[in-house]
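A short write-up of the structure that comes next.
The values are calculated or read from the model by the stated rules, or taken from the named source; none is laboratory data. None of the values given here were measured: they were computed from a predicted structure. Counting neighbours? That spans all protein chains shown, and the Cβs are built from the backbone with ideal geometry, glycine included. Surface accessibility is based on the protein's heavy atoms, side chains included, excluding ligands, DNA and RNA. Shrake-Rupley method; radii C 1.70, N 1.55, O 1.52, S 1.80 Å.
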Amino acid sequence: AAQEAAVRAQAEAVRRLKQDKADPDEIAKEVAKLLEMKAQLGGDEGKPKFVLKTPKGTRDYGPKQMAIRERVFNAIISCFKRHGAEVIDTPVFELKETLTGKYGEDSKLIYDLKDQGGELLSLRYDLTVPFARYLAMNKITNIKRYHIAKVYRRDNPAMTRGRYREFYQCDFDIAGQFDPMIPDAECLKIVHEILSDLQLGDFVIKVNDRRILDGMFAVCGVPDSKFRTICSSVDKLDKVPWEEVRSEMVGEKGLSPEAADRIGEYVQLHGGLDLIERLLQDPKLSQNKLAKEGLGDMKLLFEYLTLFGITGKISFDLSLARGLDYYTGVIFEAVLLQQENEHVEELVGVGSVAGGGRYDGLVGMFDPKGRKVPCVGVSIGIERIFSILEQRLEASEEKIRTTETQVLVASAQKKLLEERLKLISELWDAGIKAEMLYKKNPKLLNQLQYCEDTGIPLVAIVGEQELKDGVVKLRIVATREEVNIRRESLVEEIRTRTSQP
């Protein structure tokens, strides 16, 4: 303790000398003394240990993970672009009041920031509310956009299942006044395209409508004031059995047992057009204006989905509720089904991989004159998809390339660094992805081994004889075949041999 006090006193003396702009030699002498005293103290042993970890509910992505992630992003973005979407971006934090009151019971998961400079801010919870704010602020009444960015939730993370506190969302939305169910059907087609393209295994897209839910609650005797809270209970049906949901409704939320039992008769139904027709004839539901509207639109939606040829993967499911407050019409959720493959047995829990719906009132909440802009959108659960692909790749032990290098520029003899630098510069200028080893005279074997390790398909070998003949020896790493290529044809040859099929 006495030694520590002496070190602190010496540090204070050094600080004062610096403050007083004392003679540099004197400062240097005192600093040396301080370092010596610290060394005697046993270096940093007195310091509290610094924990090297990422914050709870977050993770790093190394080159391998990023290679998988980029593959997934590219598939999703190309689908969004195929459907004619533009791209936007918004700030990572919003005014707190922008996010308040938009998420129902999930509002407790919003991250608030400390007041910095007079504005109360929160990290964005999703990309939908910022999108609605963007539309209202810029008076946009018509746009088809996608937005891929990180969002933040103060959730209890379940990282093995792809649930984080910081994660990416990939959103596609269509805003504007259009004929019913045409944009909605396109959103479902997009989910179908992406999940088929990523080959995640069998999936089902559950579809329901907020108006059908609200109509059902009304005819079952749920008071208006309890619609949203009962809705969030129904939303748990994919995770817990009906008995538990029923006891939460009755025990915690004060719903009458009779109303809960009536809800139970409906929420266990799922099917297709036949079920929609049956409910349109239902004596109670068909009398409710909201439910009737919702069922009419659902019938129309299924007709369009039949034309798109995707109804085999769509299920009209009355238990689907989606907890967010802002949905007003069609809601949907894509769920991965049990996988038979023994490697991914534990992935059953991954569940929902995409969700969305219609939210016609959200933009109006921000517009000073309350002007509504109807919107429908979908969010792809990239983190969950990513968890599945990552675990699958680990199980298969497939090698993943983490670079896109097409060719390694190598030399066969010593003293050819200049020639390698000249050649690699020519290749870079021509847009070829090229690398070389950072040694003056690397061994040819080491250069070839580097290609094996990193998956670089070609080696351009510079040698004394090749330089005289005006050629470069091109080696195909996989087959070990070597061909001499004229220097002026090299770029074209590399492009041809590495172009994707």
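Sorting the segments 302-315, 181-194, 365-378 by their mean number of nearby beta carbons within 10 angstrom, highest to lowest, gives 181-194, 365-378, 302-315.
With the simple spin-label model, which puts each label point 7 Å out from Cα in the Cβ direction, the Glu452 to Leu307 separation comes to 5.8 nm.
Lysine pair count for region 213-292 (Cα-Cα distance under 23 Å; residues 8 or more apart in sequence or on different chains): 9. For the pair Leu35 and Lys226, the difference between a 0.36 nm per residue extended length and the Cα-Cα distance amounts to 62.0 nm. Note on Lys399 and Thr479: with the Förster distance fixed at 22 Å, the Cβ-Cβ geometry gives a FRET efficiency of about 0.80. Placing pseudo-labels 7 Å out from each Cα toward the beta carbon at Leu467 and Lys150 gives an inter-label distance of 4.8 nm. For a test of the definition: using alpha carbon positions, the gyration tensor, and the 1.5 limit on a/c, classify region 117-195 as rounded, prolate or oblate. It comes out oblate by the Cα gyration axes. Binning all Cα-Cα separations of region 49-150 at 10 Å, short to long from zero, yields these whole-percent fractions: 12, 31, 34, 21, 3, 0. Computed extension gain for Glu426 through Lys49, at 0.36 nm per residue and net of the alpha carbon distance, reaches 130.7 nm.
Accessible surface for the chain, divided over its residues, is 53 Å² per residue with a 1.4 Å probe. Remark: spin-label model distance Lys284-Leu109 equals 3.1 nm, labels positioned 7 Å along the Cα→Cβ axis. For Leu421, the solvent-accessible surface with a 1.4 Å probe is about 90 Å², rounded to the nearest 10. The tail of the calculated P(r) for region 1-41 beyond 16 Å holds 31 percent of all Cα-Cα pairs. All C-alpha to C-alpha distances of region 407-497, sorted into 10 Å bins beginning at zero, yield P(r) values of 17, 57, 25, 0 percent in whole numbers. Fully extending the segment from Glu277 to Asp25 would add 81.5 nm, taking 0.36 nm per residue of separation and subtracting the current Cα-Cα distance. Cα-based values for the chain, radius of gyration first and Dmax second, are 31.0, 96 Å.
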